[in-house]
């Protein structure tokens, strides 16, 4: 993966994705290695995303790299009207790799075309966030012992949820069965469902969370945002139907684990946190190992 | 048929050497002119629109003297004028006649439909893969969203 930018999850083949997960296992076993001490990593966050930025900076720091960058556009030359092209070409003089988050869709692809150093996309608008997908895959494989033949239940906002779309695409390579739980207004878009069908896989749609849980190996919760609803009365009607309460987990499969890309608001009751099936905080921790694997692999320090 | 041909030649006069683009949808003539960059062409250009057509009711036609287009260049107009026919004229004679074909890739002249696409905010030429030639669907290589013929704007 040396010098290979990661913009979309599809940029890496199934084998390359699995290779990153294997490398991440090594970093989980041995997270502090100073293998990047001669490297500089830039984190360019044109919009704030504290969680993702800290995860990348933690990954880089534990490998001994120096981290430079900015955490929102107002503190950078962007606020003076500099073009993305110029920002990338300038910063690439100072760094060996660029991790970028940007509010515009397609910004990371463009940056990867103009940049002489590799780009890792840490989210471009509503489009792609491939490192989230890889850490989700890592968490699924770690908790289930495999990625193949699993039943995945996605819950909440399946229409706008970027993480849901990317993970669905990735799991289409692993013979998954999809259980899609959402209000009518927030169903999975047809192009994502078409991708499932094109791979001869199955999906089932539900409006009631109870109905899907017994099938699931992975219960992937997402937040339903009020502003997604055209009718506020409809939001009030459905908002409580997609909250995970501990009693809902009774009767679920013993191997079921609950994932969530975080931040959580109220869609998982805090009582669930202590349930052994809750896995979302470990999932966030796994993000550091996956990002260590990506930085080390793209910089060519590990094979 | 003969009579129709005669009338057409009266409406837009013949050229000695060059290219005739016929059967352009009447409303797309100016788009075709723009896509081919004919605004900056110094050769004689004749065009007509809202001409009668047996096939289409109304059509447009563009005649460019002393210009011969590569397929790649002419296929760009297929998005705006999928029905267009290309006729090569040498010494007042038709030497070649062919239909335009939808290209595999579209570069620069179509606007991405996604208002949040980076190409709509910075000076970046658009790039698309044509993912459906019948329905005419273009996938942006940057934001990955699909622009189709119903929401397509020619730049």
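The values are calculated or read from the model by the stated rules, or taken from the named source; none is laboratory data. Because the structure is a prediction, the values reported are computed rather than measured. Don't worry about glycine lacking a Cβ; one is built from the backbone with ideal geometry, like all the others, and counts go over all protein chains shown.
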*In region B:118-134, is there at least one residue being at positive phi and part of a loop (DSSP other than H, G, I, E, B)?*
no
*Output yes when any residue across region A:56-78 is within 17 Å of residue A:108 (Cβ to Cβ) and in contact (Cβ under 8 Å) with a residue 40 or more places away in the chain, and no when none is.*
yes
*Would you mention how many residues in region A:106-132 are part of a loop (DSSP other than H, G, I, E, B) and within 13 Å of another protein chain (Cβ to nearest Cβ)?*
6
*Would it be correct to say that residue A:91 is crowded, with 24+ Cβ neighbours inside 10 Å, modelled with pLDDT of 95 or more and more than 14 Å from chain B (Cβ to nearest Cβ)?*
no
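The rows are residues; the columns are (1) crowded, with 20+ Cβ neighbours inside 10 Å; (2) within 14 Å of another protein chain (Cβ to nearest Cβ); (3) closer than 18 Å to residue B:76 by Cα.
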position: B:94; (1), (2), (3): no, no, no
position: B:101; (1), (2), (3): no, no, yes
position: B:125; (1), (2), (3): no, yes, yes
position: B:128; (1), (2), (3): yes, yes, yes
position: B:155; (1), (2), (3): no, no, yes
*What's the number of the condition residue A:212 fails, among (1) buried (at least 17 other Cβ atoms within 10 Å of the Cβ); (2) under 22 Å from the mean Cα position of the chain (by Cα)?*
(2)
*Can you give me the number of residues within region B:60-87 that are surrounded by fewer than 17 Cβ atoms within 10 Å (Cβ to Cβ), in contact (Cβ under 8 Å) with a residue 24 or more places away in the chain and more than 12 Å from the chain's Cα centre (by Cα)?*
3
*Hey, does region A:47-58 have a residue that's modelled with pLDDT under 95 and within 14 Å of another protein chain (Cβ to nearest Cβ)?*
yes
